[in-house]
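Below is one structure, written out as structure tokens, with a few remarks after it.
Every read-out reported here was derived from the displayed coordinates using simple, explicitly stated rules and does not represent laboratory data. These numbers come from a predicted model, not from an experiment. For neighbour counting, all protein chains shown are included, and Cβ atoms are generated from backbone atoms with ideal geometry for every residue, glycine included.
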Amino acid sequence: MNTNLFIYTLHLADNALILAQRNAEWTGHGPVLEQDIAITNISLDLLGQARNLYQYAASLYNHFNKEEKTAVDQYIPHPWKEYNRELQEDDLAFLRTEHQFLNLLITELPKGDWAQSILRQFFFSAFQFYLYRQLQNNNDAQLAAIAEKSVKEVTYHLRWSSEWVIRLGDGTKESNHRINEALKDQWMFTGEMFQPVSYELIDVSLLKDDWMKKVEAVFSEATLEVPKQTWIQNGGKEGRHTEHLGYLLAEMQYLQRAYPNSVW
Amino acid sequence: MISEKEIWKILEEVKDPEVPVLSVIDLGIIRSVGVSNDKINIVVTPTYSGCPALDVINMDIRLKLIEKGYRDVSIQQQLSPAWTTDWMTEKGKQKLKAFGIAPPNPKQQFCKEEMFQQEVVQCPRCNSYHTELISQFGSTACKSIYSCLDCKETFDHFKCH
């Protein structure tokens, strides 16, 4: 159904946008200049992917009939309804509230220390890598094209974050301690990636084996152990978020809310 | 009316704002050029999804055509097939090297997710292959940073994609 395509595209876009915004918090704060540039480059790639996806979602919506528009109304930003113009990418990014965002919880967690940002990037990039690799064969041509384009960028993200997980895990006592702390905090947020929800166009549970193999391979080099714990946190994909998302949106959306329709 | 051949010639004058020695044709981002009913249609493919140069490039294409007297221009974005550095022209690669940026190697096996691969990159200044990777990410999305172990110069490498 077309409405599922719209909601799923929003979910993919939200994942990319929220993590892009989080990683951008490292601008000027990276541990060394080259890595400051690396993580913000990853942000930029994710932001570009989010733009392609939001543009597509907006054009899908603009071509919807009345019935379809009603069916997805809960995801449409309220302020836009007063604007009397077509829906645009920026409306979807800057005018929706927390409960309208469908990103995975792991993408909204605070940036934490370097180990936390690295580990989250690795978990997420590995997921995105296998997801996009499959989506590039999707029946929907535009979604497939965005995935085909994005997977090339994600390949670099995955390589970079894998290498850093090993460097920290198999590094000093301090770096090993920090990434183990990050692992304790984050593991329960990884399960949501593979837990299907109604609007998804592919069966994400089938991605878990590849993802786990990648995690095991990198962890064994990094002298880290895959946690046994199976309890998972979920809800982000259906709009139920941690308290962290509201603060992130408050900062990211400030300009469009204070000065509606302002342009760069 | 203008011919497609003439449009390609005009596009040669539109440069990448971040790497000004390269034209949009050298970069390999122009997928097609067409003329129908006095309207010019150009299809462009992005290098990287988030490349900020892209909006500027589209505007520069439009401005260059207006400068030559053609106002009715439509520019479309095409994502698939995804852009690859293999589409960069040989002339473009030579211009990059002369500009001090190591050109991309043929795509080969380096665009994979495997870790700790060392790509052999030639120093654009002294031509030594005795170089090392400093960072996979550089000043723009399309570049990584290398250092030459012979002439000690640090340089940008246009990474394979």
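Details
- Entries of B:Lys68/B:Lys97; A:Lys173/B:Lys152; A:Lys152/B:Lys91; B:Lys5/B:Lys143; B:Lys5/B:Lys93; A:Lys152/A:Lys214 with Cα pairs more than 27 Å apart: B:Lys68/B:Lys97; A:Lys173/B:Lys152; B:Lys5/B:Lys143
- Average partner coverage of B:50-56, which counts Cβ from other chains inside 10 Å: 3
- When the GluC sites (Glu not before Pro) in segment A:78-108 are filtered for DSSP coil states and for at most 16 other beta-carbon atoms within 10 Å of their beta-carbon, the remaining sites are A:Glu86.
- Cα-centre dipole for segment B:4-83 with unit charges at Cβ (Lys and Arg positive, Asp and Glu negative), debye to 20: 180 debye
- Over all Cα atoms in chain B, the spread is summed up by Rg and Dmax: 17.4, 58 Å.
- The mean number of partner chain beta-carbon atoms within 10 angstrom of a residue's beta-carbon across peptide B:40-49 is 3.
- Local electrostatic count at A:Ala115 - Lys and Arg +1, Asp and Glu -1, tallied over other residues with Cβ under 12 Å: +1
- Three-way shape call for segment A:105-221 based on the alpha-carbon gyration tensor, with the a/c threshold at 1.5: prolate
- Short-range pairs are left out: with C-alpha atoms under 8 Å and at least six residues apart, the relative contact order of chain A is 24 percent.
- GluC sites (Glu not before Pro) lying in DSSP loop within segment A:114-189, provided at most 16 other Cβ fall within 10 Å: none
- Counting only alpha carbon atoms, the long axis of helix A:2-24 and the longest principal axis of chain A meet at about 50°.
- Sites A:Ile202 and B:Leu63, calculated FRET efficiency, Cβ-Cβ separation with R0 51 Å, nearest 0.05: 0.75
- Dipole magnitude of chain A, debye to nearest 20 (Cβ charges: Lys/Arg +1, Asp/Glu -1, about Cα centre): 60 debye
- Förster-model FRET efficiency, 35 Å R0, B:Phe116 and A:Tyr254, C-beta, rounded to 0.05: 0.25
- Proxy reagent accessibility, fewest Cβ within 10 Å first, across A:Val72, A:Val263, B:Val120: A:Val263, B:Val120, A:Val72
- Computed from label points 7 Å out along Cα-Cβ, the spacing between B:Val43 and A:Gln229 is 5.0 nm.
- In the protein assembly as shown, the DSSP-assigned H stretches of four residues or longer account for a calculated mean residue ellipticity at 222 nm of -15000 deg cm²/dmol, using -39500 (n - 2.57) per stretch and the full residue count as denominator.
- For residues of A:38-48, the mean tally of beta carbons on other chains within 10 Å: 5
- Projected label points at A:Asn62 and B:Arg71, each 7 Å from Cα along the beta carbon direction, are separated by 2.3 nanometres.
- Surrounding net charge for A:Leu201, when Lys and Arg each add one and Asp and Glu each subtract one, Cβ distance under 14 Å: -2
- Across segment A:1-60, the relative contact order, built from alpha-carbon pairs under 8 Å that are at least six residues apart, equals 47 percent.
- Förster-model FRET efficiency, 60 Å R0, A:Glu34 and A:Thr70, C-beta, rounded to 0.05: 0.75
- Cα long-axis angle, helix B:53-67 against chain B (0 to 90 degrees, to the nearest 10): 40 degrees
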